[in-house]
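Scroll down for the structure; my scribbles are underneath it.
Only the coordinates and a few stated rules stand behind these numbers; no lab work does. These figures come from a predicted structure and were not determined experimentally. No Cβ is skipped: glycine too gets one built from the backbone with ideal geometry, and neighbour counts run over all protein chains shown.
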Amino acid sequence: MVKWTLEDNGFREMYNERTEPSLVWTCGSANSSTYTVLGRFQKINHFPNSFEMTRKDSLYRNILRMQKTYGIKQYNFIPYS
């Protein structure tokens, strides 16, 4: 579905290493050097360390840390787990 949507909007798969891609699609997190060489017009489908939000255990641990730092009143939007 994603591939069809991109193709319908003018994107195409590239195999030529000499051409700069406008979108980099990875199945997992990219290494840090990938982010440092991206140009202004280039996009990637993952943020560095996004697993901290997408894994429930990491997200909960980070929210608990924020509650301790800034108070539960500021971070009361998560149910008790």
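At a temperature of 25 °C and a viscosity of 0.890 mPa s, determine how fast region 1-48 diffuses translationally according to Stokes-Einstein, using the Kirkwood radius over alpha-carbon pairs as Rh; express D in µm²/s, rounded to the nearest whole number. The partial results should precede the final answer.
Working: Rh = 11.9 Å.
It diffuses with D of about 206 µm²/s by this estimate.
Determine the calculated [θ] at 222 nm for the chain from helices alone, applying -39500 (n - 2.57) to every DSSP H run no shorter than 4 residues and normalising by the residue count; nearest 500 deg cm²/dmol.
On the way: 4 runs with 31 residues, N = 81.
Here the helix-only value at 222 nm equals -10000 deg cm²/dmol.
How many lysine pairs in the chain, separated by 8 or more positions in sequence or lying on different chains, have Cα atoms less than 29 Å apart?
Lysine pairs meeting the criterion: 5.
Which FRET efficiency value, to the nearest 0.05, do you get for Val2 and Leu59 by plugging their Cβ-Cβ distance into 1/(1 + (r/R0)^6) with R0 = 25 Å?
It comes to 0.55.
For the pair Gln67/Arg12, report the inter-label distance in nm, with labels modelled 7 Å from Cα in the Cβ direction.
5.3 nm
For the chain, go through all pairs of different Cα atoms, get the mean of 1/r, take its inverse, and jot down that Kirkwood value in Å.
Working: mean 1/r = 0.0631 Å⁻¹.
Final number for the Kirkwood radius of the chain is 15.9 Å.
Run the simple label-point estimate for Glu52 and Thr26 please: 7 Å along Cα→C-beta, distance reported in nm.
1.6 nm
How far is helix 56-70 tilted off the main Cα axis of the chain, in degrees rounded to 10, range 0 to 90?
50 degrees
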